[in-house]
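What follows is a set of notes on a single structure, which appears directly below.
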Amino acid sequence: MSGSTFGELFRVTNFGESHGPAIGCVIDGCPPGLALAEADIQRELDRRRPGTSRHVTQRNEADAVEILSGVYEGLTTGTPIALLIRNTDQRSRDYGNILDTFRPGHADYTYWRKYGLRDPRGGGRSSARLTAPTVAAGAVARKWLQQQHGTTFTGWMSALGEIEIPFEDEAEIDRNPFFAANASLVPQLEAHMDALRKAGDSCGARIEVRARGVPVGLGEPLYDKLDADIAYAMMGLNAVKGVEIGDGFASVAARGSSFGDELTPEGFAANKAGGVLGGISTGQDLVVRIAIKPTSSIRTPRRSIDRQGEPTVVETFGRHDPCVGIRATPIAEALLALVVMDHALRHRAQCGDVQLAQAAIAAQAPVADAPAHG
């Protein structure tokens, strides 16, 4: 199967299946000399892992990461870093009723038509379980970017189904299972999820993620634009059906007289472009939002067909997230980190000397960011 490797200079190859013995990734291109321990990675995996609240799948996986190569005496060596996460709580029997049928909205049918066979256990390769290695690789990228450029990544849920979640306090994000920056709405979100689970149904979500302290100049026109690669990465996340950068679809109704981010001696007056102009980073926050569809694996009976093309009805059992968006925030942060990391290395390789010539200009006109959540 092709399509399992992401990145140009910071390359991540993802492997495994939902109910296989293990999942993991190989990172090639990480610079040498980065202090790296399993604890650096485990911190991010713990934010994503299943079974952390009653609102997500109760599959009980520790998601304990093992570093198999690429680190010696606590430092990256510049050679491939192999990360392994063992699966320990598979229940393949839950999928016995869909061996010959296809779950609506899932990849069962397309995998079968493309490859002539499929692994039905937990969705096999199409499972969101395979986002754990992405988060692990993202943790490595985040640490390097933080040390080299002071770049940080923060995400939150801004809508759960039809419930809008206004941003109030960033400190609340890690205090609730929804990654919501709004403590007052958590009881409503919990009640909504309890009702969905009781009904055997699901809902979608909108996630916003921002990168702060991004160097100016990342991105390569025409077809390797930073925002294009961000959209490409986000669309690779399970269940994502839409991506917007900056003001995104709101730009349709805007006027050019108010939409273009004006520049002043103090910096940019706004950040409607989301930190990217002409496919190249401006030094402002990168602003990304993703739309996640309702979970396809639900108990509600749905019409389908079997492998002979005959009509049937499918009910999905097992342990599933009523909203996969609940655990998507750390994954979206990791994907954004991987894109920024890859472009930071590409920029350094081609244009590292250019920064010296621009230093005087940058000192005279520092780039100011727009309001953090305006």
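The values are calculated or read from the model by the stated rules, or taken from the named source; none is laboratory data. Just so you know, these numbers come straight off a predicted model, no measurement behind them. Methodologically, a virtual Cβ is constructed for each residue, glycine included, from the backbone with ideal geometry; neighbour enumeration extends over all protein chains shown.
For segment 286-296, the criterion of a residue being hydrophobic (A, V, I, L, M, F, W, C) and over 22 Å from the mean Cα position of the chain (by Cα) is satisfied by no position. In this structure, C25 does satisfy being part of a strand (DSSP E or B), of a type outside the set (F, W, Y) and touching a residue at least 24 places away in the same chain (Cβ under 8 Å). Summed over segment 262-317, residues that are outside any strand (DSSP E or B), in contact with a strand residue (DSSP E or B) (Cβ under 7 Å, 6 or more places away or on another chain) and within 21 Å of W156 (Cβ to Cβ) total 6. When segment 74-121 is filtered for residues that are over 14 Å from S304 (Cβ atoms), modelled with pLDDT under 90 and touching a Pro at 6+ places or on another chain (Cβ under 7 Å), only Y95 remains.
The set of residues in segment 246-261 being assigned to a loop (DSSP other than H, G, I, E, B) and either under 26 Å from the mean Cα position of the chain (by Cα) or within 20 Å of A291 (Cα to Cα) (or both) consists of G246, D247. Among the candidates E170, E208, the residue that is closer than 25 Å to G283 by Cβ, in contact with a Lys or Arg (Cβ under 9 Å, 6 or more places away or on another chain) and acidic (D, E) is uniquely E208. The number of residues in segment 135-181 being under 13 Å from P330 (Cα atoms) and either part of a loop (DSSP other than H, G, I, E, B) or of a type in the set (S, T, N, Q) (or both) comes to 6. Considering the conditions (1) in a helix (DSSP H, G or I); (2) more than 15 Å from the chain's Cα centre (by Cα); (3) free of Cβ contacts under 8 Å to residues at least 24 places away in the same chain, R197 is excluded by exactly one of them, (3). One residue stands out in segment 239-285 among those that are aromatic (F, W, Y) and surrounded by fewer than 20 Cβ atoms within 10 Å (Cβ to Cβ): the one that is modelled with the lowest pLDDT, namely F259. Counting the residues of segment 226-238 that are among the aromatic types (F, W, Y) and either buried (at least 20 other Cβ atoms within 10 Å of the Cβ) or in a strand (DSSP E or B) (or both) gives 0. Considering only residues in segment 134-160 that are closer than 30 Å to P187 by Cβ and touching a helix residue (DSSP H, G or I) at 6+ places or on another chain (Cβ under 8 Å), the one that is surrounded by the fewest Cβ atoms within 10 Å (Cβ to Cβ) turns out to be T152. Can you find a residue in segment 63-73 that is more than 30 Å from Q308 (Cβ to Cβ), modelled with pLDDT under 95, under 21 Å from the mean Cα position of the chain (by Cα) and crowded, with 16+ Cβ neighbours inside 10 Å? Checking segment 63-73: at least one residue is more than 30 Å from Q308 (Cβ to Cβ), modelled with pLDDT under 95, under 21 Å from the mean Cα position of the chain (by Cα) and crowded, with 16+ Cβ neighbours inside 10 Å. For segment 119-133, residues that are in contact with a strand residue (DSSP E or B) (Cβ under 8 Å, 6 or more places away or on another chain), of a type outside the set (G, A, S) and surrounded by 24 or more Cβ atoms within 10 Å (Cβ to Cβ) total 2. Residue pairs whose Cβ atoms lie under 6 Å apart, separated by 6 or more positions or on different chains, with the first residue in segment 116-129 and more than 11 Å from G20 (Cα to Cα) and the second among the hydrophobic types (A, V, I, L, M, F, W, C) and not in a helix (DSSP H, G or I), are P120/L99; S126/A107. If the condition is being over 16 Å from the mean Cα position of the chain (by Cα) and at pLDDT 90 or above, then segment 122-146 contributes K143, W144, L145, Q146. Can you name every residue in segment 102-141 that is in contact with a Leu (Cβ under 9 Å, 6 or more places away or on another chain) and of a type outside the set (G, A, S)? Matches in segment 102-141: Y111, P120, T131, P133, T134, V135, V140.
Within segment 10-22, being surrounded by 20 or more Cβ atoms within 10 Å (Cβ to Cβ), assigned to a strand (DSSP E or B) and of a type outside the set (A, V, I, L, M) holds for N14, G16. The one condition from (1) of a type outside the set (A, V, I, L, M); (2) within 14 Å of W156 (Cβ to Cβ); (3) at pLDDT 95 or above that P187 does not meet is (2). Filtering segment 211-225 to residues that are small (G, A, S) and either touching a Lys or Arg at 6+ places or on another chain (Cβ under 9 Å) or not in a loop (DSSP other than H, G, I, E, B) (or both) leaves A211, G219.
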